[in-house]
Amino acid sequence: MSAAAGPKSKGSVPVGRSVLVKVPATTANLGPGFDTLGLALSVYDELIVTARKKPGATVEVLGVGAGEVPTDESNLVVRSIAYTFAAYGIDLPGLDLVARNSIPHGRGMGSSGAAIVSGIMAAKGLLEGIVEIDSQGLLALATALEGHPDNVAPALFGGLTIAWMTPEGPRHKKLIVHRGVSPLVAVPVESIMSTALARSLQPESVPHEDAVFNVSRSALLIAALIQSPELLLAATEDKLHQSYRASAMPETDALIRVLRENDLAAVVSGAGPSILVLCSDPSQRLVATELIHKHSTTPWNCLLLAVDFRGATVIPHSTEAVA
Ligand code: HSE
């Protein structure tokens, strides 16, 4: 179903209705799976949205992004809520938002996808009993706003996701990752990367042999992630995006080389500049952390994370419980 094909208005959101949304961070591409593969990770943004009578929106941001992101109707979460209401032909109520963010911004951990998914899930919760938005509708809305589905699919559904585009809209398949797979995300403290800049570095076309190379590694990566973690190093090779973007994040590139020379399956996390290391057992993460601290010239935070299997959630929230 496309978002625009949703049912027409059946009512309006009661004043005072409030929802609590929780959305995981994500890492996209995973090496060879450019714009296709994504993994949900155990870092979360939380959001409380309450419908009010007065039109417009207020936004309070706590944690990551406080004092930096817009707090008016130009806020990405507010725009995503408004987009969802418009797609289903429902009048947008006034909104009060409180966001508690933990996902780093501009680091390749899916913060914009999480903001978009937060808004869409909040809208879904506010519209409970008025409009039902199914999984395909959620993914269609989120992909339309994000531009590509590889972050928003795992943010919505959790686990490892394969996302693909069809003439009827985006689709996804969720897979459960082998329990030995242990992600580490190394986040540079001082540098950020814009996805738009990273995408501008991509060539219009790539050699056929490079495309074949990535097809083979992407197929192998699914096997490695769900069944055979010992294949992760070979399965995370890539020729479609990382080399084209390396000049924009030289320390990321240099550290990935060191990690891979030490048999660790390190790749750029999303559009970077963070590094994702897909360890085949938890102890490998300590080796990766030591290598990063030994070879980096700027500060990096090494996050030892779990795969999130649940994805985004929305539940009713009692406004009386708001501090
Ligand atoms: N697949 C996307 C990219 C992920 O690498 O550009 C970042 O949004």
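The separation of region 275-303 from region 77-103, counted between C-alpha centres, amounts to 37 Å. Measuring max minus min along each principal axis, the C-alpha atoms of region 133-200 give extents of 40, 35, 19 Å (largest first).
When shorter helices are ignored and each DSSP H run of at least 4 residues is given -39500 (n - 2.57), the per-residue value for the chain at 222 nm works out to -9500 deg cm²/dmol. Normalised by the number of residues in region 119-176, the average gap of Cα pairs under 8 Å and 6 or more apart makes the relative contact order 25 percent.
Of the residues TRP300, TRP164, ranked by 1.4 Å probe accessible area with the largest first, the sequence reads TRP164, TRP300.
Residue order by solvent-accessible surface for LYS54, LYS124 is LYS54, LYS124, largest first, with ligands and nucleic acids left out and a 1.4 Å probe.
Taking one quarter of the surface of the C-alpha convex hull of the chain gives a mean projected area of 16.3 nm².
When the Cα atoms of region 159-300 are aligned to their principal axes, the ranges along those axes come out at 47, 35, 27 Å in descending order. Measuring nothing but how far apart in sequence close Cα pairs (under 8 Å, 6+ apart) lie, relative to its length, the chain scores a relative contact order of 26 percent.
Using the Cα coordinates of region 1-129, the gyration tensor eigenvalues translate into equivalent-ellipsoid semi-axes of 26, 19, 11 Å, sorted from longest to shortest. Ligands, DNA and RNA are left out, and with a 1.4 angstrom probe the accessible area of the chain is 43 Å² per residue. Shape index of region 57-216: Rg/Rh, with Rg the Cα radius of gyration and Rh the Kirkwood radius from the inverse mean 1/r over Cα pairs, equals 0.99. Rounded to the nearest 10 degrees, the angle from helix 135-146 to the longest Cα principal axis of the chain is 70 degrees.
Karplus-derived 3J(HN,Hα) values for region 103-111, using 6.51 cos²θ - 1.76 cosθ + 1.60 with θ = phi - 60°, are 7, x, 8, x, 10, x, 10, x, 5 Hz; glycine and proline are entered as x.
Within the accessible area of region 196-237, what % is carbon and sulfur when the probe is 1.4 Å and the other protein chains stay in place? Answer for region 196-237 is 61 percent, counting heavy atoms of protein chains only.
In the context of the full protein assembly, LYS294 retains an accessible surface of approximately 150 Å², using a probe radius of 1.4 Å and ignoring ligands and nucleic acids.
Karplus-derived 3J(HN,Hα) values for region 151-158, using 6.51 cos²θ - 1.76 cosθ + 1.60 with θ = phi - 60°, are 8, 5, 5, x, 4, 6, 10, x Hz; glycine and proline are entered as x. Only Cα pairs under 8 Å and 6+ residues apart enter the sum, and on that basis the relative contact order of region 14-78 stands at 29 percent.
Highest mean packing first, where packing is the average number of other Cβ atoms within 10 Å per residue, the peptides 37-48, 75-86, 182-193, 111-122 line up as 111-122, 37-48, 75-86, 182-193. Once backbone amide H atoms are built at 1.01 Å from N, GLY311 has GLY158, GLY159 as its partners under 5 Å, excluding neighbours fewer than 5 places away on the same chain. Could you let me know the centre-to-centre spacing of region 21-51 and region 181-210, using Cα atoms, in angstrom? Here the answer is 16 Å between Cα centres. Computed from Cα positions, the angle between helix 208-226 and the longest principal axis of the chain comes to roughly 70 degrees. Heavy-atom accessible area with a 1.4 Å probe sorts SER318, SER12, largest first, into SER12, SER318. Annotation for region 110-179: GluC sites (Glu not before Pro) lying in DSSP loop with at most 13 further Cβ atoms inside 10 Å of their Cβ are GLU132, GLU168. Considering only the Cα atoms of region 23-71, their convex hull presents on average a projected area of 5.2 nm². Computed from point charges on the beta carbon alone (+1 for Lys and Arg, -1 for Asp and Glu), the dipole magnitude for the chain about its Cα centre is near 620 Debye. Helix 250-261 and the longest principal axis of the C-alpha atoms of the chain enclose an angle of approximately 60°.
The values are calculated or read from the model by the stated rules, or taken from the named source; none is laboratory data. From a predicted model like this one, the values you see are computed outputs, not experimental measurements. Every residue, glycine among them, receives a Cβ derived from its backbone with ideal geometry; neighbour counts consider all protein chains shown. What goes into the accessible areas is simple: the full protein's heavy atoms, side chains included, and nothing from ligands, DNA or RNA. Shrake-Rupley method; radii C 1.70, N 1.55, O 1.52, S 1.80 Å.
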